[in-house]
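The values are calculated or read from the model by the stated rules, or taken from the named source; none is laboratory data. If you're wondering where the values come from, they're calculated on a predicted model, not measured in any experiment. Note that each Cβ is placed from the backbone with ideal geometry, even for glycine, and that neighbours are counted across all protein chains shown. Heavy atoms of the whole protein, side chains included, go into the accessibility calculation; ligands, DNA and RNA do not. Shrake-Rupley method; radii C 1.70, N 1.55, O 1.52, S 1.80 Å.
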Amino acid sequence: MPHPTHWKGKELPNVLRRLFDVPGGHTLEVARKHGAYETIGAALFDKSQFELIELVKDSGLRGRGGAGFPTGMKWSFVPRNTGKPVYLVINADEGEPGTFKDRLCMTRDPHLLIEGMIIAGYALGVRTAYIYVRGEMLPQIQALNRALTEAYAAGLLGENIQGSSYSLDIYVHRGAGAYICGEETGLINSLEGFKGQPRLKPPFPAISGAFAAPTVVNNVETIMAVPYILKNGAKAYGQWGTAKSPGSKLFSVSGDVKKPGVYEVPLAMPYMEFFELCGGLDGELLGCIPGGSSAPVLNAEETRKATMDYESLASLKSMLGSGAVTPFNTTRDPVLILESVARFYAHESCGQCTPCREGTGYVDRVLRNVVSGGGRTGDIDLIKDLADSYEWTTICAFAPGAAWPVQSFVTKFRSYFEAYISKNPEHSESRPLVAMRPGAFW
Amino acid sequence: MADMITINVDGKDVQCPPKVQLIEALRRNAEIDTPAFCYHPDLKVAGNCRICLVEVEGPRGFALAISCHMQTSPGMKVKTHQSSEKIVKLRKGVMEFLLVNHPLDCPICDKAGECTLQEHYMGQGRHESRLDDAVGKVYKGGVDFRFQDTKGEVRGGKRIDLGETIVLDQERCIICTRCVRFMDDVAKSPQLDIAGRGDHAYLTTFPGKPLKHDYDLCTTDVCPVGALTGKHFRFQQRVWFLKSVESIDPSDSFGANLAIEYHNNRVWRLMPRRNPDVNKSWIANATRLLYQDLNKNRLSDAQLGDKDVTIEMAITAAAGALSAAKKVALVASGHLTVEDNAALVHLARTLGARAEIFGGSWLAVGKPDGIARSGDPVANRKGVQMLGIPESLDTLAQRAGEFDCLMTMGHDLWGADAAKAAPLESIPVRIALSPWNTATTKAATISIGIRAWAEVRGTMVNAAGRIQVMHACPVVPNSDLEAAWLVVSRLAKSQGAATAWATEGEAFRYAGTLARELAGVTYRAIGPMGLSTVAPAVAPVPVKAGV
């Protein structure tokens, strides 16, 4: 189904979705007809690195992977003249449940990513860049490799790009499909060939990342917005959104809407209006996960007031995250949603830090027990308390991401959990503690 | 120290060194007991156990930080469990998580009594268990958790044979990765790793490969729980019965610091004693197992020829032989202490022109392994050199015909090189002082049992010129046994010295008159960590082969 071009009489932003509906848009020939690589030339090479970083800073572009860190600021942290190479790593390990925007970008418009990488690479003084792609995304890897071959053949990559003095090589690195490898230091470890476990910070990747050299890790969508900014200026990008959340963003919509899919809309669009764009809600709204499974869930009332930008969701103690929107209607069971989310996090915890390793599994087992009818009074408080214990006590942001859905679901949909527990005839009795088990000494 | 900085801990100013791990400053300078499982002062920081959490003031107010990764800086403000309820709660949380999949089998666990988890639970955990059968554990020790790896080896569960020396209890492991980091960064032989992820992660070796390294028993030291236990000590003795004596590795000139642990008139194990300037926290397996020789094949009495006699009778016989001798060869030994060798010098001076003293060893010198062994088996070579004793053993063999009495002390010359020692058999009277029955005591005409290294107090100087004290463990095979210095000083008295020494202190003071480096040094000044006899600016001189 083609992406809508207009909404309520206004044109929808066309920064990232340019070639989504163009047949053969992934080939260099077609992409060039639609303006690909127009910036790779005087428009780029006449600018200084400083000017480019200032441009991205001015545009207010924020990381689209989930954390929303200002991209220009991230670039400006990279130290100069350390004697070490600077690496650019594209995070294409799209793993947040509900998110499926980057995979579409990489199949439909890989050249826009490459163009963005050349710009970012030039701005940061990068000689070698990597695209770390989730292992399961085979069509995306094929599309990227094909596009890279074309770009090399056209002199857009390799030595002296388009006759300039700038050279860049891009490698596609295939991951093995772990959620934690989307965390930037976990990704760097995996890229280096180590186990995908996040690193202790400091040092931050901007100082010592891949191969102990300064490294910038950016999401696919973030880098794909850069060519537009260079071509049209920071002001043009700021025509959408708010002062703190300018620009457009891809949203992956699944759940109870009539037309799920990937949509590019301006930031700060109200969620309810967005659902209309997606063909309207299916059934009566119960709640909505606004930004991927780790974003705290919103109930119906909160969803009605929320707009799709960083500040609005922060004020509701949730987050825009990766832009995976999952509204659910009253026929859905929040307990089962949380059980499934909790199992995901228990499965994906890298096992490094104690609270996350043991806590996510513990919560998963308690929830499974509640769902299977063995819940007891106090289980709701128990999992909330466990989630509080691992929320901020670990190396990376996985644990808070695993804690937020637990905390928000049990707070906002508590009655559903209580209903499960009250069905257990023994729910008010306390459980026997583990004292006896076969083989134990006493 | 002049370069101390001030940090604020729980509202109190504390002086501490700059740029050290905050946990060290908290423990040493602020004297706040800060728990840690993954942090080890001699390993790289991993920061995964999260129990050492504190609050540190940053640009946005107090934020959580792990004190093992954070470094001290001037003006730093820290809140620990003493002033922050949040830290108390979070640490309890971490402790609860650690115990989720850790069995409460302390009564049958070898580590009980020296288990970090047990200690910190008593200190800072102390919660009512919320675990129950239905939701609690993964039961890593259970049979269901066993599986075969790609090489057909059984993994998982309890009692896993990791290699020649170590048994792994998977259920007790808390995935702190200390052992992994030891093998990676200290042993430089990556053989262990954590496989899997989440709460089903487990410690393992590579498929089909046993854990095998000269230092692999150090992983049992760093293991904060009873997951890794050494086969040599497993189920031998409860650790809370053990009493400990500080000593030094007598088998290598690196001078690794160790503790002799004994109970019930038996030495049960040797443990590394942390000394950041010498062996850090490591000792080689070979050193660790030395205690097994302490009650094996001992020369616990004396012999005249083939006849067993008392030590007193043998000393009298030796005194007589010395008096009768025209020319005596005395062989000093780097296997024994400075005191013992000082006594030998004393004897030589008493005998005057009738005696000549020889030093050195015929044992092969290996290469340093970079951890806690220099490769030179003569532990006190430097100390003997300091006393002015030449390395002249080969000359002795050439000039054997000049002597009619030979006295060796602590050496096994025949055992080291029987061919080189053969000419010495032409010397008619051969006195051997030795803790063990050796080829040399067999070749001797008078052999006198002496106390072994663990049973004496004395000093040794390691290859880097550091003088260190070993203390006497009261466990001896025969209480009649005397230290070598005492036997020798009694022999000196029999040859006309004014008195026999009563304490090793006297022997050490005498050593001070012989060696410039030892003059005025006392046991107290040396202390438990040793004293460098080399000026600090000078790098340790490596021992050359065959010196």
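Which one of B:GLY255, B:ILE311, B:GLN398 has its Cα pushed farthest toward the positive end of the charge dipole of region B:253-406, where Lys and Arg give +1 and Asp and Glu give -1 at the Cβ?
Value computed over the given set: B:GLY255.
Of all the Cα-Cα pairs you can form in region A:5-127, what percent are over 25 Å apart?
Pairs farther apart than 25 Å: 33 percent.
Residue by residue through region A:123-129, what is 3J(HN,Hα) from phi via Karplus (6.51 cos²θ - 1.76 cosθ + 1.60, θ = phi - 60°)? Round to whole Hz and write x for glycine and proline.
Result, ordered by residue: 5, 9, x, 8, 9, 10, 10 Hz.
Kirkwood hydrodynamic radius for chain A: how many Å is it when counted over pairs of different Cα atoms?
Result for chain A, one decimal place: 22.9 Å.
Could you give the C-alpha radius of gyration of chain B expressed as a fraction of 2.2 N^0.38 Å, taking N as the number of residues it contains?
Relative to the 2.2 N^0.38 Å estimate, chain B comes out at 1.13.
Among B:ILE467, B:ALA439, B:VAL345, pick out the residue whose Cα is farthest towards the positive end of the charge dipole of chain B, where Lys and Arg carry +1 and Asp and Glu carry -1 on C-beta, about the Cα centre.
It is B:ILE467.
What is the pair-distance distribution P(r) of region B:258-405, computed from all Cα-Cα distances in 5 Å bins starting at 0, with each bin given as a whole percent?
2, 8, 12, 14, 18, 17, 12, 9, 7, 2, 0
What residues does region B:31-72 have that are buried by at least 40 Å² of accessible area in the full protein assembly compared to the chain on its own, 1.4 angstrom probe?
Flagged in region B:31-72: B:ASN48, B:ARG50, B:HIS69.
Does region A:1-72 come out rounded, prolate or oblate by the C-alpha gyration tensor, with a ≥ b ≥ c the root eigenvalues, rounded set by a/c under 1.5 and, if not, prolate when a/b is larger than b/c and oblate if not?
oblate
Okay, helix-only estimate at 222 nm for chain A: each DSSP H run of n ≥ 4 adds -39500 (n - 2.57), divide by all residues, round to 500 deg cm²/dmol; what do you get?
Calculated from helices alone, the mean residue ellipticity at 222 nm is -12000 deg cm²/dmol.
In sequence order, what are the phi-derived ³J(HN,Hα) couplings for region B:286-292 according to the Karplus relation 6.51 cos²θ - 1.76 cosθ + 1.60 with θ = phi - 60°, rounded to whole Hz, with x for glycine and proline?
In residue order, the calculated couplings are 4, 5, 4, 8, 4, 4, 5 Hz.
Could you give the size of the charge dipole of region B:155-274 about its Cα centre, using +1 on the Cβ of each K and R and -1 on the Cβ of each D and E, expressed in debye and rounded to the nearest 20?
Taking the Cα centre of region B:155-274 as origin, the dipole is about 360 debye.
Which of A:VAL133, A:LEU157, A:SER167 sits farthest toward the positive end of the charge dipole of region A:126-181, with +1 on the Cβ of Lys and Arg and -1 on the Cβ of Asp and Glu?
Selected residue: A:VAL133.
Quick one: Cα convex hull volume of region B:346-421, Å³ per residue?
Numbers: hull volume 8.3 nm³, N = 76.
For region B:346-421, the hull spanned by Cα atoms encloses 109 Å³ per residue.
Would you pull out the residues with amide H under 5 Å of A:ILE131's amide H, same chain only if 5 or more places away, H placed 1.01 Å from N?
Counting only residues 5 or more places away or on other chains, the set is A:ILE90, A:TYR171, A:VAL172, A:HIS173.
Between B:LEU258 and residues 5 or more places away or on another chain, which pairs have amide H atoms under 5 Å apart, with H built 1.01 Å from N, and which residues are they?
Residues meeting the amide H criterion: B:SER247, B:ILE248, B:ASP249, B:ARG273.
What FRET efficiency do you get for B:GLU164 and A:LEU138 if R0 is 41 Å and r is their Cβ-Cβ distance, rounded to the nearest 0.05?
Here the calculated transfer efficiency is 0.35.
In the protein assembly as shown, what percent of the accessible surface is made up of carbon and sulfur (1.4 Å probe, ligands and nucleic acids excluded)?
54
List, in order, the whole-Hz ³J(HN,Hα) value for each residue of region A:388-400 obtained from phi through the Karplus relation with A = 6.51, B = -1.76, C = 1.60 and θ = phi - 60°; use x for Gly and Pro.
4, 5, 9, 4, 10, 9, 10, 5, 10, 8, 5, 5, x
If you take the square roots of the eigenvalues of the alpha-carbon gyration tensor of region A:157-258 and sort them as a ≥ b ≥ c, do you get rounded (a/c under 1.5), prolate (a/b over b/c) or oblate?
oblate
Among the Cys residues of chain B, which have no other cysteine Cβ under 4.7 angstrom away?
B:CYS16, B:CYS52, B:CYS68, B:CYS106, B:CYS109, B:CYS115, B:CYS173, B:CYS179, B:CYS218, B:CYS223, B:CYS405, B:CYS473, each lacking another Cys Cβ under 4.7 Å.
With every protein chain left in place, what is the accessible area per residue of the protein assembly as shown in square angstrom, probe 1.4 Å? All intermediate terms of the calculation are to be shown ahead of the outcome.
On the way: 39140 Å² over 989 residues.
Computed with neighbouring chains in place, this is 40 Å² per residue.
Beyond 20 Å, what percent of the Cα pairs of region B:325-383 remain? Please report the intermediate quantities before stating the final value.
Working: 637 of 1711 pairs.
In whole percent, the share of Cα-Cα pairs in region B:325-383 beyond 20 Å is 37.
Add -39500 (n - 2.57) for each DSSP H run of 4 or more in chain B, then divide by its residues: what number comes out at 222 nm, to the nearest 500 deg cm²/dmol?
One gets -5500 deg cm²/dmol as the mean residue ellipticity at 222 nm.
Rounded to the nearest 20 debye, what is the charge dipole size of region A:183-321 about its Cα centre when +1 sits on each Lys and Arg Cβ and -1 on each Asp and Glu Cβ?
440
Which entries of B:LYS19/B:LYS231; A:LYS305/B:LYS77; A:LYS8/A:LYS74; A:LYS101/A:LYS231 have Cα-Cα distances beyond 30 Å here?
B:LYS19/B:LYS231; A:LYS305/B:LYS77; A:LYS8/A:LYS74
Pick out, in residue order, every one of the trypsin sites (Lys or Arg not before Pro) in region B:254-326 that is DSSP loop and has at most 10 other C-beta atoms within 10 Å; say none if there are none.
Passing both the DSSP loop test and the Cβ count: B:LYS296, B:LYS326.
For peptide A:370-378, how many partner chain Cβ atoms fall within 10 Å of a residue's Cβ, on average? Could you put the intermediate results ahead of the total?
Values: counts 1, 0, 1, 0, 3, 2, 3, 0, 1.
Mean number of neighbouring Cβ atoms from other chains: 1.
Using the scaling law 2.2 N^0.38 Å as the reference, what is the normalised Cα Rg of region B:164-251?
1.17
Given the options A:SER322, A:SER430, A:SER254, state which has the largest fluctuation in a GNM of chain A using a 10 Å cut-off (strictly under) for Cα springs.
Maximum among the listed residues: A:SER430.
Output the residues of region A:193-208 meeting this criterion: accessible area (heavy atoms, 1.4 Å probe) in the chain alone minus accessible area with all protein chains in place is 40 Å² or greater.
A:LYS195, A:LEU200
At a probe of 1.4 Å, how much accessible area disappears from chains B and A on forming the pair, both sides counted, to the nearest 100 Å²?
Working: alone 24200 and 18550 Å², together 39140 Å².
Counting both chains, the buried surface is close to 3600 Å².
In terms of modelled amide H atoms, which long-range or inter-chain residues lie less than 5 Å from the amide H of B:GLY410?
It is B:LEU433, B:SER434, by chain and number.
Once you sort the root eigenvalues of the Cα gyration tensor of region B:1-84 as a ≥ b ≥ c, which label holds: rounded (a/c under 1.5), prolate (a/b larger than b/c) or oblate (the other case)?
Oblate is the answer for region B:1-84, as a/c is 1.5 or above yet b/c matches or exceeds a/b.
Hey, which of these cross-link pairs are over 22 Å Cα-Cα: A:LYS384/A:LYS412; B:LYS296/B:LYS493; A:LYS384/B:LYS92; B:LYS151/B:LYS212?
The pairs that break the limit, which is 22 Å between Cα atoms, are B:LYS296/B:LYS493.
So in the protein assembly as shown, what percent of DSSP beta bridges are antiparallel if you round to the nearest 5?
Within the protein assembly as shown, antiparallel bridges account for around 65 percent of the total.
Can you work out the base-10 log of I(q)/I(0) for the protein assembly as shown at q = 0.10 1/Å, using the Debye formula on its C-alpha atoms alone?
Treating every Cα as an identical point scatterer, log10 I(q)/I(0) equals -1.15.
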